[in-house]
Structure formats: structure tokens, C-alpha cells
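Right, one structure below, let's go through it.
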Amino acid sequence: MPVMTMVEAINDALRVEMRRDPRVVLLGEDVGVKGGVFGCSAGLWKEFGGDRVMDTPLSESGIVGAAIGMALYGLVPVAEIQFSDFIYPAFDQIVSEAAKMRYRSGGEYTVPMTIRTPIGGGIRGGHYHSQSPEAYFAHTPGLKVVVPSTPSDAKGLLLASIRDPDPVLFMEPKLVYRTLKEEVPEGEHVVEIGKARVVRSGKDVTLIAWGGMVGMCEKAAAKCAEEGIDCEIIDVRTIVPLDEATILESVKKTGRAVIVYEAPKTGGFGGEISAILAEKAIEWLEAPILRVTGFDTPFPYTLESVYLPEPGRIREAVLKVVRF
Amino acid sequence: MSLELISVMGDAGVPANTPAPSLAPEQLLEIYRVMVLTRLLDDRAMKLQRQGRIGFYVPALGQEASHIGTAAALTADDWVFPSYRDPGIALLRGVGVVELLHQCYGNSTDHTLGRQMPVHYSFKKIRLVSISSPIGTQIAQAAGAAMAMKIRKEPHVAITYFGDGSTSSNDFHAGLNFAGVFAAPCIFVCENNGWAISVPLEGQTASATMAAKAEAYGMPGVRVDGNDVLAVYAATHEAVERARVGHGPTLIETITFRMGGHSSSDDASRYRDPKVCEIWAKRDPIDRFKAWLEGKKLLKVAQEQAIRDRCEQELKEAIDAAEKVGPPAVSTMFDDVYATRTTQQDEQWAELKDALKRGVVAKGHHGEFPL
Ligand SMILES: Cc1ncc(C[n+]2csc(CCOP(=O)(O)OP(=O)(O)O)c2C)c(N)n1
Ligand SMILES: [Mg+2]
């Protein structure tokens, strides 16, 4: 099996699907000739031409609005928003339009569209190249929200997203883009949307994370293992729909949960997971559910490394719940 | 509507068609000095970025006339809503190059405390509004500031800068439309440098010119040779005069060229032929202004060298000063989010501070951060 970075795996998924399904088109800023600012669509404009790989004018509402129109007409668009920090001009098209089209048309009209967008810190990008806005979108019925944390899952989940009958917001953690390499299956490789992944099994504490924070949890778990604490790690993989069963099963086993996410603490999606655990697993809990998160501030430039949850802070939370 | 290119100095293929603005020799030389300083800062900052001493930079190379010449037509009371490619405006309005460098280093002397990426400046003392990355947002804000000036019956103007790509943003439409409807004293400067990262002009609009878009919003639109600092000044001066006496907004399209990459993260050779840069190098705004000044006997060789030497010295001292300063204290991360911190922020800071004191959190990019 070839070894790939997440950028290469995304590129591979797009190529595989574009070769398989002539309805698939890409659109976004700099996705064509340049191949995307991160190189996710490198080589595709050359292979498939300008009708299928479109460099668009600089308008996110235009990109998503046009993608919706294409999807209504029968194409399968994959739109790229260059950074999730720039998705807000398209908020209306995503939240009011794409997510509600099936419902408001009595199921007549559907929007099988994927919006790819990089999220999270790790590139010293300050406020506007680092945000993790998944919670805003998870609050929107009709929209699926997928966040892979490895190259292989990125390919498998992207293929599943493109083939999904509903609009999917596919959020790609920049922290992982080029830092993690692994074997990725060639050709067909679909990972079902709605299934979490047990990254590491353990008996003492469940660490729950997605995107760039899964790797941080792995580092923290390795450290904890040296100290005799056995962590289980769940990679949520799809925020919506959420695989509650896998999370509940794990927490019922360990009796302890630490949820890790990069976004500001208040209103983050980890709060939702915490509520589900409180509703459905309280009898099994041995300690309070803790969250290790970004802070209630904009994402800072110089202080990025302090802002991002990192293994030290995660380990602290693990010790707290174990010693509770 | 006339879409003839306004030109003072003339250029190959572009006839001079506008008289030179009446500027005193000191004013002309000051504009020249700021253009040179901006060029040198650009060059030095790109090198600092390559050396890993600053994290990022956006070169203004080739666009010095376009942003400095327009800003020169304002008074200190006017408000500026710039983009990230206009560092010379701050220098022209009296900010020291050292202040820009503190921001690029994101250190504790930077009065915005290293919160934003380099070149995202904010200087209230010169009425330059905080620059953000999201494209186009400043355009509607400038219209609003201009509406406020009109409501208060104050004779100021707001000016805003944005690229050709930015004309595709929602806020370009909103800003021009509002300024048009409310006849607000707002000057919209579209710095048409031919590219929006890798997307060329024709991928941005099917309109023959950007200036033509003004007509749809009910305001005058002018096109000006953006590498002719005097033409740029003249066009802005006229627009400002109109705005001040209640005749509303103007859209100015400056025709210029992005000589460098989009930013320090971009390699332009991957999508554009470097040969086009050679053509534009012959229209270099600083060379042309220098030749014009020399022709008018306003600038002697020795004097030019003295200007450069002074700029070099100022830059060297500024870099030395900025390098010496450490990163901001971690506590400052929680300041200025709101006027006063929330209880949640207080709690988060208390927890973080405790963890930092106990050495739990990994060291940052600058080594140890002060609490
Ligand atoms: C809303 C938004 N979308 C995308 C981006 C990413 N981006 C940054 S600059 C840029 C191109 C801007 O081109 P232009 O307006 O012509 O200005 P120039 O960079 O040429 O000065 C893009 C796409 C952004 N900053 N904001
Ligand atoms: Mg441009």
C-alpha cells in the first residue's frame, strides 16, 4: 500500500472519484492551476480540465451557492473553502439553503454536495487561519459534519462524503496535513460516515477527540501509560451524525471521560458529548467529565502553542479524573 | 463614463493626460522617502521570514505608488481602512517602521500583543483601522464610517483599499451600494494588481474594467496608472474634494502589478510566467518617480543616496530593537476579548496559569512565555 500524507490522501480520493463519476466537479479559490493553497487538488485541473476543476472568483457565498445549484441540477460538486476561517460569507448558503433544501422541498430537491475546508491551528496562522468552527455547523440539522484525523480516514471519509446523498461539511485538520504519513489503500476505500474509531483501547479513562487533537491524545496516552494509566482513545470522526454507541460503550467501561477539542471551550461540540454522557451514562461515571480545549478568546498568533490543547494539559485532566 | 487611464508621467503606450498636482518639493520628497522605506522594509521583512525570524509576510513590491500616492491626498483627520498590502500608509501617516516590526515579530511591545499574523496592523492614533484577513470586510465598514461622518456633519472622508479579487466579495457590493445610496464621503481604492493569489484578473470579473462597476452603484469610477504616484495622487485628490463637499463616493481603480508572490507562503512561478514581471519592472513606480523628480531638478543623486541611507539605518535599528523584545505575557491572551473578562475566562486563566507554573504545558515557539 502506498504511504501518504493527508494532503496526498485527499488528492487521491478526489482523483479516484473524478475518474469513477463524471458528475463530480471541483470548485473553489486557487483549486485549479495552483492545485489549492495546500496542494489538495494538485494535478487535477491538468487531468480533468477547466470544466471539472474550476478556479472561481473570490466569493465563498458564490462558491457554495453555485455548488448548490450544480447539485440541484445533477452534478456532484466538491467545493473548497480555502480556510474554514473564510467560510462565514457562505454561512447563509450552507445553513439556510443546503441544509434545508431536502426538508423544505418535501424531499424533491436534494443537495449531494461536499464542502472541503481546512480547520484548526498548527501553522502559526493567527485568528484567521486557525479556527475550528465545527460547533456552529453541528447545530444545523440537514448538514453532516465530518472531521478525519489520519490520511487513510481522510480518503475513506471523503469518498463516503462525496457519495453521500446529503450535504457534507468535510473539515480537514491542518495540523495533520503533512505531519502524519501512513499507508492508504489504493483505489476504492470507503469509510462509513457515522462510525467513530477506537484508536487505542484502555481500561482507565476514555479520551474523546477529533481532527488534530487525536494525535495530541495519543501522545498524552503514551505518557500516561508510563505512569501506569491505561487510556482508551475514541476518534469521533463524524461530528454529525455522532456515533453515540461507541462513545457510551467506552465510557461505561472506563467510567471516566476527558473530551479534547481545539475550539473555544464555551459552546464547543465537546459540551454536547458531555451532555450525552451525563444523560445516558451517569450511573457508570466514577469522576466528573472534563474538557481540555482552546480558550474563550480568538485564536492568538504568538501564543498559539499555549492556546492549543497539548499532551501536558491532557495528561493533567487524566490524572484529575483518575485520582478523583 | 470616461475610462481613460489617468497619467501624469506618461508611460510606454500611455500618454500623459493630466497635469502634475501642485505639491511642494518637501511633500514630493516625503512621498518618495516613504516609497523607498516601504520597498526596503519589504525586502528586509521577506528575508527575515526566510530566516524564520518572523512567521509570515505580505510583500507590497511594485504597489508603493498605488497605496502611498492615494493616502498622500488625505489629511490626518481622514480615516483609513486598508488591506494587508498597504504598509506605506502607516509610514506616511507617521508611524515608525519599528512599530510595524514589533507587530511582525508579534512581541510584547507590539501594542496588539502578537495577537494577529504579521502585517495585520492597527493604529488608532493615525486613524488606521485594524486590518483583518477576511477579504472585503473593510469595504462595508469604510462606507459606514463615511456615513457617520456625514451624519455628524464633519468634513472628513473614509478611504478603503482592496484588491481586484476583493471586488468579488459580498462586502464590495454592500459597501459601494451603501455609500452610493447614502452619498457617503467614501473613497474606494481597488488596487488592481492583476492577481488574486493564483487567479488572474479575467478569472475574477467579465467586466472590462473594475472602474466600470462604479456606474452600477451611482458613483464616478476612474482608472489611473497605479505605478504613477502623481496620477494616483491627482485622482484621489479630486475624489476627496468631491466627497468633502457632499458629492459622495468615488471608486478609483489603480492599475498596478503584484511583483512578488502573494505572500511568503506562495510561489508565483507555479502559476504565472515570470516574463510578465519583466514588463512591469520597467514601469517600477519608484524608478519612475525618481526619474520625474530628477528631471524637475527636485532630487539630486547625493540627496537620493542620503534618503536611502537614512531609511536603511532606521530599518536596521528597528529590526535590532524588535528582535530584543520577548513575547507577550500569556495573561494578555484573555484581555480585550471583552471590555471585562467573563467568569469563564477568569477560571480558564487561573487553571492555565497554575499549569504553566507547574511546568505542565510544553514550551512555546519563543521558549518560555512570561505569565
Ligand atoms: C473571505 C476570504 N476568502 C479567501 C481568502 C484567502 N485569500 C487571501 S488573499 C486572497 C486573494 C486576494 O486577492 P486581491 O483581492 O486581488 O488582493 P491582493 O492579494 O492581490 O492584494 C485570498 C483568496 C481570504 N483572506 N478571505
Ligand atoms: Mg489582486
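The values are calculated or read from the model by the stated rules, or taken from the named source; none is laboratory data. All values reported here derive from a predicted model rather than from experimental measurement. For neighbour counting, all protein chains shown are included, and Cβ atoms are generated from backbone atoms with ideal geometry for every residue, glycine included.
Things worth noting here:
- All conditions in (1) out of contact with any helix residue (DSSP H, G or I) (no Cβ under 7 Å at 6 or more places or on another chain); (2) surrounded by fewer than 22 Cβ atoms within 10 Å (Cβ to Cβ); (3) not assigned by TED's automatic domain parsing to the domain that holds A:THR293 hold for A:LYS174, with the sole exception of (2).
- Test: residue in the range A:272-294 that is touching a residue at least 12 places away in the same chain (Cβ under 8 Å), more than 27 Å from A:ALA225 (Cβ to Cβ) and crowded, with 20+ Cβ neighbours inside 10 Å: no
- Residue among B:SER269, B:SER207 that alone is more than 15 Å from ligand 1 (Cβ to nearest atom) and without any contact (Cβ under 8 Å) to a residue 12 or more places away in the chain: B:SER269
- Test: residue in the range A:181-190 that is within 23 Å of A:PHE295 (Cα to Cα) and touching a residue at least 40 places away in the same chain (Cβ under 8 Å): no
- Taken over the range B:321-371, the criterion of being touching a His at 6+ places or on another chain (Cβ under 6 Å) and part of a helix (DSSP H, G or I) is satisfied by B:ALA322 alone.
- Residue count for the range A:309-324, restricted to those that are within 7 Å of chain B (Cβ to nearest Cβ), among the charged types (D, E, K, R) and not in a loop (DSSP other than H, G, I, E, B): 2.
- Residue match in the range A:29-48 (condition: in contact with a helix residue (DSSP H, G or I) (Cβ under 9 Å, 6 or more places away or on another chain), over 22 Å from B:HIS262 (Cα atoms), surrounded by fewer than 23 Cβ atoms within 10 Å (Cβ to Cβ) and charged (D, E, K, R)): yes
- Residues in the range B:181-205 that are within 14 Å of chain A (Cβ to nearest Cβ), over 20 Å from the mean Cα position of the chain (by Cα) and β-branched (Val, Ile, Thr): 2 in all.
- First in the range A:122-144 and within 14 Å of chain B (Cβ to nearest Cβ), second anywhere and among the charged types (D, E, K, R) and assigned to a loop (DSSP other than H, G, I, E, B), Cβ under 8 Å, 6 or more apart: A:GLY126/B:ARG115; A:HIS127/B:ARG115
- Restricting attention to the range B:202-217, the residues that are away from ligand 2 (no atom under 16 Å from the Cβ) and among the hydroxyl-bearing types (Ser, Thr, Tyr) add up to 1.
- Residue match in the range B:192-201 (condition: part of a helix (DSSP H, G or I), surrounded by fewer than 24 Cβ atoms within 10 Å (Cβ to Cβ) and more than 16 Å from ligand 2 (Cβ to nearest atom)): no
- Every pair of residues 6+ apart whose Cβ atoms lie under 7 Å, when the first sits in the range B:249-264 and is under 14 Å from B:ILE279 (Cα atoms) while the second is within 11 Å of ligand 1 (Cβ to nearest atom) and among the aromatic types (Phe, Trp, Tyr): B:ARG258/B:TRP195
- Exactly one residue among A:ARG23, A:ARG15 is over 30 Å from B:SER269 (Cβ atoms), surrounded by fewer than 18 Cβ atoms within 10 Å (Cβ to Cβ) and either in the same structural domain as A:GLY122 (by TED's automatic domain parsing) or away from ligand 2 (no atom under 16 Å from the Cβ) (or both), and that residue is A:ARG23.
- B:LEU176 meets all of the listed conditions (1) out of contact with any Ser or Thr (no Cβ under 8 Å at 6 or more places or on another chain); (2) within 16 Å of ligand 2 (Cβ to nearest atom) but one, namely (2).
- Of the helices (runs of 4 or more DSSP H) lying entirely inside the range B:71-180, those carrying at least 3 residues that are within 16 Å of ligand 1 (Cβ to nearest atom) and either modelled with pLDDT of 95 or more or under 13 Å from the mean Cα position of the chain (by Cα) (or both) are B:87-92, B:137-151.
- Residues of the range A:272-308 satisfying the condition of being at the interface with chain B (Cβ under 10 Å from one of its Cβ atoms) and not hydrophobic (A, V, I, L, M, F, W, C): A:THR293, A:GLY294, A:ASP296, A:THR297, A:PRO298, A:PRO300, A:TYR301, A:THR302, A:GLU304, A:SER305, A:TYR307
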